Amino acid sequence: MELTMGLLDTHLNTIKSGIKTIEVRLNDEKRRKIRVGDTIRFIQVPDEAEEIRAVVKGLKVFPTFREMYENVSAEDMGAQGGSVESMVENTYEIYTPEQERKYGTLAITIKYVV
């Protein structure tokens, strides 16, 4: 199966360079359908100027972003040098704590497909 997700251009570049190997998302209805071996088509937002594809290599569910960030390498998520606290705060600019409580979180291990 192929899923489509939006992604900022800085994150697209870190995936293409091999730095970012874990994508962070809510474990909502759309993400619960993801399986190892699926392909994700990441489209640059907001202008959709570029797209890339990555294969799902692993999935790990966490109840909170904090718990995820305490157990997953920040470097693998493309978040070098940030504290867990700052990573959580930055994530809450995208997702709300209410969404986090409702869905939980998902660390998606990916491999860029050239």
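Here are the numbers:
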{"quantity": "Selection within segment 62-81 - free of Cβ contacts under 8 Å to residues at least 40 places away in the same chain and more than 19 Å from G18 (Cα to Cα)", "calculated": "R66, E67, Y69, E70, N71"}
{"quantity": "Total residues in segment 62-73, condition farther than 19 Å from R101 by Cβ and buried (at least 16 other Cβ atoms within 10 Å of the Cβ)", "calculated": "1"}
{"quantity": "Subset of segment 74-101 [in a helix (DSSP H, G or I) and exposed (fewer than 12 other Cβ atoms within 10 Å of the Cβ)]", "calculated": "E85, E98, R101"}
{"quantity": "Sole exception among (1) surrounded by 14 or more Cβ atoms within 10 Å (Cβ to Cβ); (2) out of contact with any helix residue (DSSP H, G or I) (no Cβ under 8 Å at 6 or more places or on another chain) for I110, by number", "calculated": "(2)"}
{"quantity": "Conditions (1) out of contact with any strand residue (DSSP E or B) (no Cβ under 6 Å at 6 or more places or on another chain); (2) assigned to a strand (DSSP E or B); number of the one not met by K60", "calculated": "(1)"}
{"quantity": "Matching entry among I34, I40 (being within 14 Å of K20 (Cβ to Cβ), touching a residue at least 60 places away in the same chain (Cβ under 8 Å), among the aliphatic types (A, V, I, L, M) and crowded, with 16+ Cβ neighbours inside 10 Å)", "calculated": "I40"}
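Coordinate-derived values only; no laboratory data. In this text, all values refer to a predicted model and were calculated from it rather than measured experimentally. So basically every Cβ, Gly included, is an ideal-geometry build from the backbone, and we count neighbours across all protein chains shown.
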